[in-house]
Amino acid sequence: MRTGLATGATDRLEWIVGPEHVVHLGGASVAGGVTVFSTPSMILLMERTARKVLAPYLEDHEASVGVRVEIEHLAGAPLAAKVHGEARVTAIEGRTVDFDVAAYDGAELLGRGRHRRAVVAVDKLRERVAQKIERLGEGIMTPIGIEANSGELPQLETLKCEVRGGVARVTLNRPKKNNAVNAAMTRDWESLVAWLAGHAEAARVVIIQGAGENFCAGDDVPEVGTLSPDDARALSLRQAEMYLAFARLPQPVIAAIDGFALGAGCVCAVSCDFRIATTRARLGMPEILLGWPPGYGLTQLTAAVGKAAALDLCLTGRQVQAEEARGMGLVNRVVPPMRLAAEVEQLASQLLACPARALRETKARLHADQPWQAGSAYLADTAAYIRCLQGSDAREGIDAFRAKRTAKFSEP
């Protein structure tokens, strides 16, 4: 550690509150809520500010690490707020430095407290971490963000789940509504995802299919038309988290797509690890034709097809046939309708023949390469969706959907 650091040294760090920095408060019920700068993110801002104070005094082989933090969180800040952290050195003892830290939204104090950092040699820390990695257990770990249920299979209203031979076969079971996603199906998915997370050995592969002629025609638009903005926001956030959870499941997930996979149905499909479609499948993101942008799923869609194709699908709202979908990466394979079940079962058998732990680890590593903030980008997606949902064009889109006519939009 270089000389020159003294008590009273200060620095400041500015952030714009992004989707990766916030938390939605309001519980699991469809009852509204609020999205605010999270306590962990506020602490991170304070720590990064203190680290900035120390940076000029570190040797090339050194880094500073947080060893203690005592924080009061006093106020909230919204998405897109310009916040800043402040840190001041209060004591120095050898390679340990104490700080007073604070965070502000403009002039408003968001939080304050004390923080201690230690200066460490990076090579020694790397050796210790490597030793711990070697001692990691062999057990199946519950994915972060999923509260696993190791008990009985839950009672489901809109889904069917049959587990046989190591495969969980899930059926979207609202055929009269083309398997549209409503609040009840959202609750069922939340329960089933938790159960699947807790039964990685009993169910090593998951297959998702639709009852009747279609995979899933999207959100239940008539239900959306009955929701208040707060209720629509809460439901959209839950649905976003529900589909993102597919990537965190220990099982490979296969979508067996026949008929329509639109909107939420397309998001469900691209959230799966494999997508096998029939020649009569039609996929798309038609929300723009209803008067609003997709409230979630853009992360998964863009990861699957790239930005150019995602823009094409979302800005035009057009449906693509199976072969075009395969060309853009929206589906992996296309088969005749009578071959769908056999093709899906063959893939499931192929996955079951792989070593179970290696399969889980490989899936986890492949999904872990996404930018860490991508998993919370849906917060901004939902905010845009709700802004548009409250406009006259969205009301016209819902009315046109109910009347089975083309919408006539008027807003500039």
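Charge tally for residue 381 (other residues, Cβ to Cβ under 14 Å; Lys, Arg +1; Asp, Glu -1): -1. The alpha carbons of the chain give a radius of gyration and a Dmax of 24.6, 76 Å, in that order.
Of interest is the spacing of the C-alpha centroids, which for the stretch 221-236 and the stretch 64-94 amounts to 37 Å. Listed from fewest to most Cβ neighbours within 10 Å, the set 71, 16, 257 follows the order 16, 71, 257.
Extension gain for residue 93 to residue 14 (0.36 nm times residue separation, less C-alpha to C-alpha distance): 25.6 nm.
When the chain is treated as a GNM with alpha-carbon contacts under 10 Å, the residue of 218, 291, 113 showing the greatest mean-square fluctuation is 113. Counting every Cα pair in the stretch 159-403, what percent are over 23 Å apart? Result: 47 percent of Cα pairs exceed 23 Å.
Residue 184 sits among other residues whose Cβ lies under 10 Å from its own Cβ, and their net charge, with Lys and Arg +1 and Asp and Glu -1, is -2. Pick from 378, 243, 57 the residue whose mean-square fluctuation is largest in a GNM of the chain, springs joining Cα atoms under 10 Å. Sorting by GNM fluctuation, first place goes to 57.
Charged neighbours of residue 405, selected by a Cβ distance under 11 Å, balance to +1 (K, R count +1; D, E count -1). Picking from 128, 387, 238, which is most flexible by a Gaussian network model of the chain using Cα springs under 10 Å? Maximum among the listed residues: 128. For a modelled paramagnetic label at residue 84, 7 Å from Cα along Cα-to-Cβ, no residue of the stretch 53-76 is in reach, as no backbone nitrogen comes under 12 Å.
Counting neighbouring Cβ atoms within 10 Å and putting the fewest first, the residues 5, 330 line up as 5, 330.
3J(HN,Hα) along the stretch 383-388: 4, 5, 4, 5, 4, 6 Hz, from the Karplus curve 6.51 cos²θ - 1.76 cosθ + 1.60 with θ = phi - 60°, whole Hz, x for Gly and Pro. Taking the Cα centre of the stretch 159-403 as reference, the dipole from Cβ charges on Lys and Arg (+1) and Asp and Glu (-1) amounts to some 540 debye. In this calculation the C-beta distance from residue 307 to residue 130 is compared with R0 = 30 Å, giving a FRET efficiency of 0.20. Going from the fewest other Cβ atoms within 10 Å to the most, the residues 68, 187 appear in the order 68, 187. Judged by the mean number of other Cβ atoms found within 10 Å, the most tightly packed of the peptides 275-288, 392-405 leads the ranking 275-288, 392-405.
The HN-Hα couplings worked out from phi for the stretch 102-113 by the Karplus form 6.51 cos²θ - 1.76 cosθ + 1.60 (θ = phi - 60°) are 7, 10, 9, 10, x, 8, 7, 6, 8, x, 8, x Hz, whole numbers, x standing for Gly and Pro. In this structure, the pairs whose alpha-carbon distance is over 25 Å, taken from 52/363; 307/363; 177/307; 307/408; 52/132; 177/404, are 52/363; 177/307; 307/408; 52/132.
When the Cα positions of 349, 367, 322 are compared along the charge dipole of the stretch 291-412, 349 comes out farthest toward the positive end, with charges on each C-beta of Lys, Arg, Asp and Glu.
The mean of 1/r over all pairs of different alpha-carbon atoms in the stretch 273-319, once inverted, gives a Kirkwood hydrodynamic radius of 11.4 Å.
FYI, it's all coordinate maths here, none of it is from the lab. For clarity, every value in this text was computed on a predicted model and none was experimentally measured. Here Cβ is always computed from backbone atoms with ideal geometry, including for glycine, and neighbour counts include all displayed protein chains.
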